[in-house]
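A quick write-up on the structure given underneath.
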Amino acid sequence: MSSWKILISDQLDARGVEILRSAAQVENRPGIAAEELLELIDGFDALVVRGRTKVTPALLDAAPRLKVVGRAGVGVDNIDLAAAQSRGVVVVNAPTATTIAVAEHTLGLMLALMRHIPRADTTMKAGLWEKKTLLGGELHDKVLGVVGMGNIGSAVAQRAAAFGMQILGYDPFLDEAAIASRGAQPVNLQDLYRRADIITLHVPLTPQTRNLIDGQAIAHMKRGVHLICAARGGVIDETALLLGLESGQVAGAGLDVFASEPPGLSALVAHPRVVATPHIGAQTAEAQRRAAEDVVEEVLAALNGEALRWQVV
């Protein structure tokens, strides 16, 4: 066993903990408070997090030995990348581990929204038989606009095609041939807004994508559009979305992520044409095991000076 010291500050699948403990000294403190983490971090060579822990400049300053931060998942918006880079701390993630889980959840949100499944279940459990009021719509022959044709967006496109949907794809980082090879007709964003019956978002939260779906974007969409987001809260301007729902411009929304989490019983969460879930897109046993295995292998590789597959900075 090496002399590396690794701190785990969020819940990590047992397989990931096992791999780390076979190779290093491990302190497993899932759910540790930010103040306590700040006091404890000194002396550790690596930190493994999920989405809860905020890796701030202050935390990095408190860890002069820190060489690598591993994020067990895709998004790294909880890690100050510029601060890590300036201090020579490598950041790695597990970008493919949760692809299937999030893609399946996206389709689940679409089906739940189009077929009113949550309301059907609620009324049944209330002893009611609301068959006549639960007229839904089919995915078949609908136009799906996929914003972001990376791993997850491409997986969604592939699965949506099996439902007989027509797929439009937009991604500013891919050329038309690449988007077409991933199962979508390449279009610009305005064309996607204009033509899509359902729009699903698969982009990270960056300064460029924050409030990407704002009032102006919604106004350019087909009236009665359905919006799906299992990417990151903040990509949709929630005030604009609520206004769109109330005006009928947006027929419904399936949301797994929110600008502030947990959002509480906000007007958006409570809206009758919103299907809301608590950021569970990646919450499958299979995805969490893959994410843990992938990220700890990257962390150990970084500590040992080996080639990395998924270095963010």
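Output yes when any residue across the range 223-235 is over 20 Å from VAL143 (Cα atoms), β-branched (Val, Ile, Thr) and either in contact with a Leu (Cβ under 6 Å, 6 or more places away or on another chain) or crowded, with 21+ Cβ neighbours inside 10 Å (or both), and no when none is.
Yes, the range 223-235 contains at least one residue that is over 20 Å from VAL143 (Cα atoms), β-branched (Val, Ile, Thr) and either in contact with a Leu (Cβ under 6 Å, 6 or more places away or on another chain) or crowded, with 21+ Cβ neighbours inside 10 Å (or both).
Among the residues of the range 252-262, write down those that are part of a loop (DSSP other than H, G, I, E, B), of a type in the set (Gly, Ala, Ser) and crowded, with 18+ Cβ neighbours inside 10 Å.
ALA259
Among the residues of the range 263-313 satisfying the criterion of being part of a loop (DSSP other than H, G, I, E, B) and of a type in the set (Gly, Ala, Ser), which is farthest from ASP10 (Cα to Cα)?
By that ranking, first place goes to SER266.
Residues in the range 194-208: is at least one of a type in the set (Val, Ile, Thr), surrounded by fewer than 17 Cβ atoms within 10 Å (Cβ to Cβ) and modelled with pLDDT of 95 or more?
Within the range 194-208, none of the residues are of a type in the set (Val, Ile, Thr), surrounded by fewer than 17 Cβ atoms within 10 Å (Cβ to Cβ) and modelled with pLDDT of 95 or more.
Going by the structure shown, is ASP141 of a type in the set (Asp, Glu), assigned to a helix (DSSP H, G or I) and either assigned by TED's automatic domain parsing to the domain that holds HIS226 or surrounded by fewer than 22 Cβ atoms within 10 Å (Cβ to Cβ) (or both)?
no
Tally time: how many residues in the range 119-138 are within 30 Å of THR99 (Cα to Cα), in contact (Cβ under 8 Å) with a residue 12 or more places away in the chain and surrounded by fewer than 16 Cβ atoms within 10 Å (Cβ to Cβ)?
Total meeting the criteria: 2.
Only one residue in GLY169, GLY137 is closer than 21 Å to ARG223 by Cβ, touching a helix residue (DSSP H, G or I) at 6+ places or on another chain (Cβ under 6 Å) and modelled with pLDDT of 95 or more, so which one is that?
GLY137
The values are calculated or read from the model by the stated rules, or taken from the named source; none is laboratory data. Keep in mind that this is a model prediction, so the values were computed, not measured. Here Cβ is always computed from backbone atoms with ideal geometry, including for glycine, and neighbour counts include all displayed protein chains.
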